[in-house]
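Novice: This structure is in structure tokens; I'll ask about it shortly.
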Amino acid sequence: MPADTTARSRSGAHRAHDAGFVLDVRSLGRAPGSLRELRRTVTTPERLGLDLIAVPAGSEVELDLRLQSVSEGVLVTGTVTAPVTGECSRCLEQFTDSVEVALTELFAYPDSTTDQTASDDEVYRMVDDLIDLEPLIVDQLGLELPLQPLCTPDCAGLCPECGVRMAIAGSDHGHEILDPRWAGLAKFASGSPGSGSPDKGAATGDHSADIARNSTEEK
């Protein structure tokens with residue numbers, strides 16, 4: 001995963017209230033059981049994902065969430081849907097697709113028992129009644145997206161001999177490869193009957209016999 005997406009704090013960042021991936025939950029209150037549903041389209045300012053496949057910068061990410069107050073914080077559940085672009089790990093072609101990530105995560109209240117006892121990498125935290133979803137989404141994309149993406153599940157990759165994409169090469173594509181152990185035999189075969197070489201020898205032998213016969217007759 002790119003370094004610019006892995007170093008984000010689980011406590012979130014100070015950003016504009018209730019904009020983008022940042023949710024202002026003051027209106028939710030802290031009474032356990034309080035609910036709020038949220039649907040939002042966010043244009044991501046930067047690339048989110050892995051080296052070979054990711055949500056491109058400038059993509060529209062759909063949030064369909066449910067926020068619920070619990071004793072230790074706000075439980076966020078729902079889905080995040082986004083387009084992705086990738087490079088096939090077999091044939092190296094670019095492709096597009098979409099991904100849907102399911103979220104179920106607690107954002108701890110400041111000074112709650114969870115906040116005081118959990119380490120930084122064990123729980124996400126609220127800051128000033130704000131929840132920053134981006135670190136969570138980045139982490140979930142890292143788990144959801146494949147490390148070796150494929151343009152199609154049955155991608156045949158590249159020809160190991162000439163590098164052409166097998167998807168466009170055709171079913172009869174192939175290369176005749178001579179086993180080096182048979183190279184000497186192939187040279188020998190080039191001088192076997194039918195290649196022309198023995199005929200020359202035979203012709204020379206017949207001519208020598210004619211000369212000898214003529215010499216005998218003259219005597």
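The values are calculated or read from the model by the stated rules, or taken from the named source; none is laboratory data. Since the model is a prediction, treat every value here as computed from it, not as a measurement. All Cβ positions, even for glycine, are placed from backbone atoms using ideal geometry, and neighbour counts span all protein chains on display. Side chains included, ligands, DNA and RNA excluded: accessible areas come from the protein's heavy atoms. Shrake-Rupley method; radii C 1.70, N 1.55, O 1.52, S 1.80 Å.
Novice: In nm, to one decimal, how far is the modelled label at Thr43 from the one at Glu60, with both set 7 Å along Cα→Cβ?
Specialist: The answer from the label model is 1.1 nm.
Novice: Between Asp121 and Ala156, what is the FRET efficiency for a Förster distance of 41 Å, r being their Cβ-Cβ separation, to the nearest 0.05?
Specialist: It comes out at approximately 0.50.
Novice: By how many nm would the segment from Arg30 to Thr113 grow when fully extended, if each residue of separation counts as 0.36 nm and the alpha-carbon distance is taken off? Display every interim value, and only then the final one.
Specialist: Working: separation 83, 0.36 × 83 = 29.88 nm, distance 1.47 nm.
Extra length available between Arg30 and Thr113 comes to 28.4 nm.
Novice: Using only Cα atoms, figure out Rg for the range 64-146 and give it as a multiple of 2.2 N^0.38 Å.
Specialist: 1.36
Novice: Give me the accessible area per residue for the range 22-133, probe 1.4 Å, as a whole number in Å².
Specialist: On the way: 5450 Å² over 112 residues.
Result: 49 Å² per residue.
Novice: Also, I was wondering about something else. Taking a 1.4 Å probe, which of His17, His173 shows the most accessible area, and what order do the others take after it?
Specialist: Ranked from most to least accessible, the order is His17, His173.
Novice: Let me ask something else. If each of Asp51 and His175 carries a label point 7 Å out from its Cα toward its Cβ, how far apart are those two points in nm?
Specialist: Calculated label separation equals 2.6 nm.
Novice: Please give the contour-minus-distance gain from Asp128 to Thr104: 0.36 nm per residue of separation, less the Cα-Cα distance, rounded to one decimal in nm.
Specialist: Numbers: separation 24, 0.36 × 24 = 8.64 nm, distance 2.12 nm.
Value of the extension gain: 6.5 nm.
Novice: Here is a follow-up. Quick one: how many Å² of Asp132 are accessible to a 1.4 Å probe, rounded to 10?
Specialist: Using a 1.4 Å probe on the heavy atoms, I get roughly 10 Å².
Novice: Could you order Ser119, Ser71 so the one with the most accessible surface comes first? Probe is 1.4 Å.
Specialist: Ranked list, largest accessible area first: Ser71, Ser119.
Novice: At Gln148 and Thr96, where each label point lies 7 Å from the Cα along Cα→Cβ, what is the point-to-point distance in nanometres?
Specialist: Between Gln148 and Thr96, the simple spin-label model gives 2.7 nm.
Novice: I've got another one for you. Could you please state how large a percent of the accessible area of the range 22-144 is carbon and sulfur, counting protein chains only and using a 1.4 Å probe? Intermediate values should be presented prior to the final figure.
Specialist: Working: 2550 of 5840 Å².
Within the range 22-144, the accessible surface is 44 percent carbon and sulfur.
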